[in-house]
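To start, the structure itself, in structure tokens.
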Amino acid sequence: MDIPAFSIFSAVSEVFVTIGVLYAIIITLQGRPFPKVLLGCVILFEFCVNVTYMASMAAKADRGAELSQGMKLFFAGHGTLSLLMFLALAILYFMSLVDVAKGREPWFRRHRTGTYVLIAFWMVSVLTGEAIFVMRYLMA
């Protein structure tokens, strides 16, 4: 089976997006300045590339006869979680921008438990996405 170029690009870029997200959050937790430009660029890239990719895949996922009902549900669960994680990250990013503008600590630093929960769910989202890529294209 030929792997679509957009699928390869999305799978690889998601790893780099995750590195950027984790780096930005970790250095913020360490007390260093909030990397607003870096995280903003990562979020913009995530929206323009990976959210677009997921939307295009979701549009044709239910039409594919080659997927079992269980796999369709797994794909839908991953897509839903990924979209929620993207929205959560974007909202918390903007909240952190407001915090910094008002002279407060960024949201990520003030709410460490919530930040760790975000990271955990983000990693589940990324790992299920990479698992889908492997199952769909490398194990088929």
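Readers should treat all values here as calculations from the given coordinates under stated rules, not as data from a laboratory. Quick caveat: nothing in here was measured; it's all calculated off a predicted structure. Note that we place each Cβ from the backbone using ideal geometry, even for glycine, and neighbour counts take in every protein chain shown.
About its Cα centre, the dipole of the stretch 67-140 is roughly 160 debye, where the only charges are +1 on Lys and Arg Cβ and -1 on Asp and Glu Cβ. Please work out, to two decimal places, the log10 of the ratio I(q)/I(0) at q = 0.12, 0.17 Å⁻¹ from a Debye calculation in which every Cα of the chain carries one identical scatterer. Here the Debye-derived log intensity ratios amount to -0.51, -0.91. Reported to the nearest whole Å, the Cα centre-to-centre distance from the stretch 91-140 to the stretch 1-33 is 10.
Convex hull volume of the C-alpha atoms in the stretch 100-140, normalised per residue: 61 Å³. Apply 1/(1 + (r/R0)^6) to the Cβ-Cβ distance of Tyr116 and Asp2, taking R0 = 30 Å, and write down the FRET efficiency to the nearest 0.05. Computed FRET efficiency for Tyr116 and Asp2: 0.15. One decimal place: the segment Val124-Ser56 gains 22.4 nm when fully extended, by the rule 0.36 nm per residue minus the C-alpha distance.
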